[in-house]
Amino acid sequence: MIFQHLEPLDTAQRRAVGSAGGLVRVRAGAGTGKTRVLTTRIAYLIDSGVDPSTIFATTFTKDAALEMKGRVKDLIPGVVGKVNICTLHSMAARILLEFWEQAGLPERRLNIAEDSEAREVLSHVVGEVRGRVKPGAEASEEANEQFQNDLSDIMKKISRWKENGITAWEVNSNPDLSAEKKAVAEIYQAYQTEMLKRSLMDFGDLTMRAVGLLETNHEVRWLVSNQVQWMLVDEFQDTNRVQLKLLSLVTSTHQNLLVVGDDDQSLYSFRGALPFLMDNLNSYLEEVSGTGDISIYDVSLVTNRRCTDQVLDAANKIVGYNQRKIPKELRSGRSGAPVAVLGSASETHEAETVAARVSELIASGVKPEEIAILARTGYALEPVNRALLRAKIPHTRQSMLPFREREEVLDVMAYLKLALNHSDAHAFQRIASRPARGLGAVAIETIIKMAAANNVGFPHALEALAATGVLTANAKKGVLSLARHLQVLSDAASNLEDSKELLAYVLDEIGYRKWATGRKNAAPTLQLSFQAFREIAEDTPAFIDFMTESALVGDIGGKSEIGVHLGTIHGAKGLEWDHVFLVAFEEGILPSKRALKEAALGGDPSNPLAYHGGGGLQEERRLAHVALTRARHTATISFAMARGKGKTRSESKPSRFIREAGLIAPTTHQTLVMKQPAGAKKAKARKPALW
Ligand SMILES: Nc1ncnc2c1ncn2[C@@H]1O[C@H](COP(=O)(O)OP(=O)(O)OP(=O)(O)O)[C@@H](O)[C@H]1O
């Protein structure tokens, strides 16, 4: 059995899969089979007699966790439900739920604040601490925008502290803080106090609270780390300091930690990912655990199984310009077409050229689902989206909004929150008119006030309002039906019924699905979101767990199942297609404007704190590397010489990464002989020197 699983692997992969315990670092370049290694490792451990419930594997996204579960199920059917496969956030949440009393929670439930809720708390706190009140409706647009931007800045700074595991108390006890930081630190403290008062937690709090619990309660730490006998971590290069601390604490008894990652694919320094984590593993671990002399068993995977040597050559060359401790050259030994570079006069022209190439591929027999068009930013995909629509090419545009921020997700979650707490005014406000029930803003406000004044839940408040006789017949019907639905949900939740049933009640009995899909401007993500909800419910049948999981999901529904995939490079991480088009490969887009500004300021590239929240030029190169290595057969890079809207059009230059990749951008002449879209102004001829 064991050999059967190892058989399809190469020697390096087998070394990783069959490694003994302790700290194992698998440096795995793009497409070298790290997902395969991790899933086979799980199967291998179980075949060797390890209890599946003592294996914990974490992935970067919910999507990747579901994918990993699917692959483990294929390898060893029957045990997958027992293995713990989830994201790191989810692991922190599970610890808090299991030891909720020791964690100081009032009940076995996590109230994870939506981003809008967390912002509202912050806005309230800024008013209290700084006396700066949110501008009213009468204030200018600029004043409102400025206030929102300032809130975002403060939120980012607070998140940064949390990603590094620094509590509000620790920040405020630092005597060396600058006046500016001190001001934000005070807000941080007040924000935490207010969140606690409202029994809320934000995203960053989850891991912080789990780490705090494990650090201070030795019994809980012992129980948890005794349960986690085999810890496997995917996409390790994107781990931040507080997550590393969590990993160190949960493995403190057995110390069996296998991490798989690739510093060249680290894309999240803006979310606190530690720089060069794979290479600096010893020192980081020593720092968070306080122990020295950690020995590591190393495995390197360098045989790429996905791309052609031509694509790898370009991808290697780009990251070759970065400062890397241990440079690696990926090779596949499979030859293919050179990476093509297309230049266009404008973004419209670029989009049409790409659409034409995609059409040719489909006409030659390639399935649309095996083609991806990727860009650094969502807005750069707009013209391509329009060109594909005009050319009637089936495609799916990946949602730019994280799952938990989508309208429909917030609506469904609001109903479910009311099932748990029928006095949740924030949730009630959200769903009172979704679907429409003849209730106006004044009526909704009245119900909220009635519920608060009489200290009753919304089902009662709604019934009381219906009994007053002030409502029209239609509104009364709507109010009573909402009261009944909320009561049914509440009864079902208190019996802790299956999450699938509660979800189906909201979507089908209450009629949310029909209403949302029938709307004039129905969200394009509706079906993906409903499908994702179903998958989460299947994965976590217990209602409380389902609520926690759903509140934590960022990225889900990654690869399009219908048509050509249109998405960002960040969203393409871990995915692969036969043919990949990389559009808007331009200075100011990839590399981004911010990275260029940082490079001009001359920040120290090895120190992410020297940057203003981005990872600088080096991270942009890694993005280009990840983008190229998504391609199984062909990769095409394209750029436009001008881009923008109406009067704000500006010239663009091809990305420096084209030259760094050793590729030749077409000359101006080649650019201009391409067909111009009808009505477009003829661009002036420029000199061939493009950089
Ligand atoms: N030993 C192997 N033999 C044949 N194919 C393999 C082998 N290992 C991996 N592959 C294939 O190579 C491709 C890349 O594997 P996988 O997705 O596991 O790589 P990865 O390292 O996770 O990639 P990335 O980090 O770029 O997302 C997949 O199509 C996988 O099926």
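A few notes on this one:
- Looking only at residues in the stretch 324-364 that are within 16 Å of Asp262 (Cβ to Cβ) and more than 16 Å from the ligand (Cβ to nearest atom), the one that is surrounded by the most Cβ atoms within 10 Å (Cβ to Cβ) is Arg324.
- Residue match in the stretch 267-276 (condition: open to solvent by 30 Å² or more (accessible area, probe 1.4 Å), more than 22 Å from Lys162 (Cβ to Cβ), assigned by TED's automatic domain parsing to the domain that holds Lys69 and more than 16 Å from the ligand (Cβ to nearest atom)): no
- Considering Asn174, Asn144, the condition of being farther than 27 Å from Thr239 by Cβ, modelled with pLDDT under 90 and out of contact with any Gly (no Cβ under 6 Å at 6 or more places or on another chain) is satisfied by Asn144 alone.
- Considering each residue of the stretch 91-113 in turn, none proves to be more than 16 Å from the ligand (Cβ to nearest atom), open to solvent by less than 20 Å² (accessible area, probe 1.4 Å), in contact (Cβ under 8 Å) with a residue 40 or more places away in the chain and not hydrophobic (A, V, I, L, M, F, W, C).
- Residues in the stretch 530-541 include none that are open to solvent by 60 Å² or more (accessible area, probe 1.4 Å) and more than 30 Å from Lys82 (Cβ to Cβ).
- Residue within the stretch 52-74 that is aliphatic (A, V, I, L, M), within 15 Å of the ligand (Cβ to nearest atom) and part of a strand (DSSP E or B) present: yes
- Test for Ala475: is it assigned to a helix (DSSP H, G or I), within 30 Å of Arg357 (Cα to Cα), touching a helix residue (DSSP H, G or I) at 6+ places or on another chain (Cβ under 8 Å) and hydrophobic (A, V, I, L, M, F, W, C): no
- Selected residue [among the charged types (D, E, K, R), open to solvent by 70 Å² or more (accessible area, probe 1.4 Å) and part of a helix (DSSP H, G or I)] from Glu194, Glu170, Glu138: Glu170
- Some residue of the stretch 76-83 being more than 14 Å from the ligand (Cβ to nearest atom), in a loop (DSSP other than H, G, I, E, B) and buried (at least 23 other Cβ atoms within 10 Å of the Cβ): yes
- Filtered by the rule that a residue be buried (at least 16 other Cβ atoms within 10 Å of the Cβ), modelled with pLDDT of 85 or more and not hydrophobic (A, V, I, L, M, F, W, C), the stretch 430-461 gives Arg430, Ser433, Arg434, Pro435, Thr446, Gly457, Pro459, His460.
- Annotation note: Cβ proximity below 8 Å between a residue of the stretch 21-35 that is without any contact (Cβ under 8 Å) to a residue 12 or more places away in the chain and a residue that is near the ligand (Cβ under 6 Å from one of its atoms) and open to solvent by 10 Å² or more (accessible area, probe 1.4 Å) (sequence gap 6+ or interchain) occurs for no pair.
- Glu347 under 24 Å from Gln527 (Cβ atoms) and at pLDDT below 95: no
- Extreme residue, nearest to the chain's Cα centre (by Cα), among residues of the stretch 234-260 that are within 13 Å of the ligand (Cβ to nearest atom) and surrounded by 23 or more Cβ atoms within 10 Å (Cβ to Cβ): Glu235
- Condition met for Thr35 (of a type in the set (S, T, N, Q) and surrounded by fewer than 23 Cβ atoms within 10 Å (Cβ to Cβ)): yes
- Looking across the stretch 386-398 at every residue that is open to solvent by 30 Å² or more (accessible area, probe 1.4 Å) and under 23 Å from the mean Cα position of the chain (by Cα), the one that is farthest from Leu489 (Cα to Cα) is identified as His395.
- Within the stretch 39-49, the presence of a residue that is part of a loop (DSSP other than H, G, I, E, B), touching a residue at least 60 places away in the same chain (Cβ under 8 Å), more than 15 Å from the ligand (Cβ to nearest atom) and in the same structural domain as Trp230 (by TED's automatic domain parsing) is excluded.
- For the stretch 367-385, residues that are in contact (Cβ under 8 Å) with a residue 40 or more places away in the chain, open to solvent by 30 Å² or more (accessible area, probe 1.4 Å) and within 19 Å of the chain's Cα centre (by Cα) total 2.
- Residue match in the stretch 497-514 (condition: more than 25 Å from Phe546 (Cβ to Cβ), part of a loop (DSSP other than H, G, I, E, B), outside the structural domain of Gly567 (by TED's automatic domain parsing) and open to solvent by 10 Å² or more (accessible area, probe 1.4 Å)): no
- Those residues of the stretch 611-633 which are modelled with pLDDT of 90 or more and either assigned to a loop (DSSP other than H, G, I, E, B) or open to solvent by 40 Å² or more (accessible area, probe 1.4 Å) (or both), in sequence order: Thr629, Arg630, Arg632, His633
- Filtered by the rule that a residue be under 22 Å from Ala64 (Cβ atoms) and away from the ligand (no atom under 13 Å from the Cβ), the stretch 1-38 gives Ser19, Val24, Arg25.
The values are calculated or read from the model by the stated rules, or taken from the named source; none is laboratory data. All figures in this text were calculated on a predicted structure; none of them were measured in a lab. All Cβ positions, even for glycine, are placed from backbone atoms using ideal geometry, and neighbour counts span all protein chains on display. Please note that ligands, DNA and RNA were not included when accessible areas were found on the heavy atoms of the full protein model with its side chains. Shrake-Rupley method; radii C 1.70, N 1.55, O 1.52, S 1.80 Å.
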